[in-house]
Amino acid sequence: MNDKRKSILMVFPFAPWPARENGISIRYYPVLEHLSRKHDIDVFVHSDPRHTIPEDPVVRSLRRVQITFSDRTTPSLLDRILTATEMLSPFGRPYQFARYHSNSIFLQLREFVTGQRYDSVLWVMHEHRDLLKRLDEQFAGARKIYDSIDSPYLHYLREPRPAGLMPLHRVFDLWKTLRWEKSLLEGVDASAYISAPDAAVSANSKTSRAQVIPNGIYLAGEEISAAKQPAGASLGFLGNMGYPQNVRGSLLLYENVFLPLKEEFTNLRMMIIGRSPAAEIRALAGPDVEVTGTVESIWPYIAQANAFVYPMIGGAGLQNKILEAMHAGKPVVTTEICLKSIGAQEGKEILIGRNNEELRAHTRALLKNPEYALEVGMQGKAYVDRTFDMSRVLKRFERFVVGGKDLSIPPTS
């Protein structure tokens, strides 16, 4: 890889800071911290509710930053007609990803990049992916790369729906979403997903296959050591508790695992760790359920749990909340959806419940046998530490962004 300092533009839908604010920042805050030491980074955020640039050392290390805000004005008649046509057409963006005011964002971004020369342009947003092509002239000679992170198709496919035959409109929308997602990978020099199942969605694309670049474990200077199992009996759930899939998962944990096992383990407690808890989550708080909300550090709370249980039934991508619990040496019980993304060895490094009975059985076994819980936790930690080591991930990200030898994990079916 050429060690010369590069000029890099990164385009995000949300600000990639602070480090644990959202999925974008979990992935890209460490990347910005790493790359800005060696390269000149410009960041354009196309729609973010925060109106100020924070006093953050990583943000200050960037060369230029611009944040735009969602346009709340009434769209023009032409904008509405074009957007509606695209939503109805089998060749346009799916309904859930259609957006007004695309041209307004294009004009702001074009102004931001005018007069600049970039070695690499990293695009991290689905909805306005077409703008990258419209800006070809401004990005002449640049390495153009696209990071989908999660698969939009998998998110849509795994949304809860009534049992029975799938309505024809949903079949059409799924087909359209899959076709649209594959088109997002066209016309770029490189593309990436966060996990192998997400990348497999595009495996049959005519374009070169997407790389798999996972997240790493970001400690922000904190020292984490796996300790012996704490006294008592406590189940944990970690994540952004305003995110719908996490809300659903923690409610399922409470209803289908915690309450039934509470009859066997009368001292059993449950701890929900994470920022922005939704109203349904706050309502669970009581003598036996702790809802932390935003905390300065997640690690002291993780240490208090005997096991982490994630009954996830939807979503896509890589579950960082599971990686962090495993890194802390905690045994994890989860569902098959998460197993496929993480890739750990079932029954040894992670425990998988394919129904409520299995989720309860695995959790019961961990609570009854602290030695077994410690063994699973340490096996899981060893796997995560060697597979998602941050220094290795950052080196791969740098090669992905500026070019060089491909060290990514190939997607699997």
Among 261, 77, 367, which one moves the most in a GNM of the chain with springs linking Cα atoms closer than 10 Å?
-> 77
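Helix-only estimate, please: 222 nm mean residue ellipticity of the chain, summing -39500 (n - 2.57) across DSSP H runs of length 4 or more and dividing by its residues, to the nearest 500. Write down the numbers at each step before the final one.
Details: 17 runs with 156 residues, N = 413.
Taking each H run of at least 4 residues, the total per residue is -10500 deg cm²/dmol.
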In a GNM of the chain with a 10 Å cut-off on Cα contacts, which of 287, 214, 30 has the highest mean-square fluctuation?
-> 287
Diffing segment 105-118: the Karplus 3J(HN,Hα) column from phi (6.51, -1.76, 1.60, θ = phi - 60°), in whole Hz with x for Gly and Pro, holds 5, 4, 5, 5, 5, 4, 5, 5, 9, 4, x, 9, 10, 10
Point-to-point label distance, residue 116-residue 169, nm (Cα→Cβ direction, 7 Å offset) = 4.1
Flagged as over-length at 23 Å C-alpha distance, from 228/381; 348/368; 144/340; 4/182; 38/381, the pairs are 144/340; 4/182; 38/381
Go from 0 up to the bin containing the longest alpha carbon distance in segment 234-387, width 5 Å each, and give me the % of pairs per bin.
-> 2, 10, 22, 25, 23, 14, 4, 0
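Once you have the Cα-Cα distance between residue 303 and residue 336, take 0.36 nm times their residue separation minus that, and quote the gain in nm to one decimal. Walk me through the intermediate numbers first.
Working: separation 33, 0.36 × 33 = 11.88 nm, distance 2.49 nm.
Separation in residues times 0.36 nm, less the Cα-Cα distance, equals 9.4 nm.
Go ahead and run the numbers for FRET between residue 203 and residue 4, Cβ-Cβ distance against an R0 of 25 Å, rounding to 0.05.
Values: r = 34 Å, r/R0 = 1.37.
Efficiency at R0 = 25 Å is approximately 0.15.
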May I ask you to evaluate 6.51 cos²θ - 1.76 cosθ + 1.60, the Karplus curve with θ = phi - 60°, for each residue of segment 25-32 and list the ³J(HN,Hα) values in order in whole Hz, giving x for glycine and proline?
-> 6, 4, 7, 9, 4, x, 5, 4
Where in segment 222-301 are there trypsin sites (Lys or Arg not before Pro) that are in a DSSP coil and have at most 15 other Cβ atoms within 10 angstrom of their Cβ?
-> 228
With eigenvalues of the C-alpha gyration tensor scaled by 5 and rooted, segment 308-389, Å = 18, 17, 9
Per its Cα gyration tensor (rounded if a/c is under 1.5, else prolate when a/b beats b/c, else oblate), the chain is best filed as prolate
Highest GNM mean-square fluctuation, the chain, Cα pairs closer than 10 Å: which of 136, 173, 150?
-> 136
Using a basic spin-label model with each label point 7 Å from the Cα along Cα→Cβ, how many nm lie between residue 87 and residue 65?
-> 3.4
Mind checking which of 363, 270, 302 is farthest towards the positive end of segment 257-413's charge dipole, using Cβ charges of +1 (Lys, Arg) and -1 (Asp, Glu) about the Cα centre?
-> 302
Label points 7 Å out from Cα along the Cβ direction at residue 98 and residue 267: separation in nm?
-> 5.8
Which cross-chain or sequence-distant (5 or more) residues have an amide H under 5 Å from the amide H of residue 307, H modelled 1.01 Å from N in plane?
-> 234, 236
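Can you tell me the FRET efficiency between residue 313 and residue 378 if r is taken as the Cβ-Cβ distance and R0 is 25 Å, rounded to the nearest 0.05? Don't skip to the answer; put the middle values down first.
On the way: r = 28 Å, r/R0 = 1.12.
It comes to 0.35.
Extension gain residue 78-residue 391, at 0.36 nm per residue separation less the Cα-Cα distance, in nm? List each step's numbers first, then the result.
Working: separation 313, 0.36 × 313 = 112.68 nm, distance 4.86 nm.
Gain in length upon complete extension: 107.8 nm.
Values quoted throughout were computed directly from the atomic coordinates according to the rules given, and no laboratory measurement underlies them. As the structure is a prediction and not an experimental result, all values here were calculated from the model. Cβ atoms come from the backbone with ideal geometry, glycine included; neighbour counts cover every protein chain shown.
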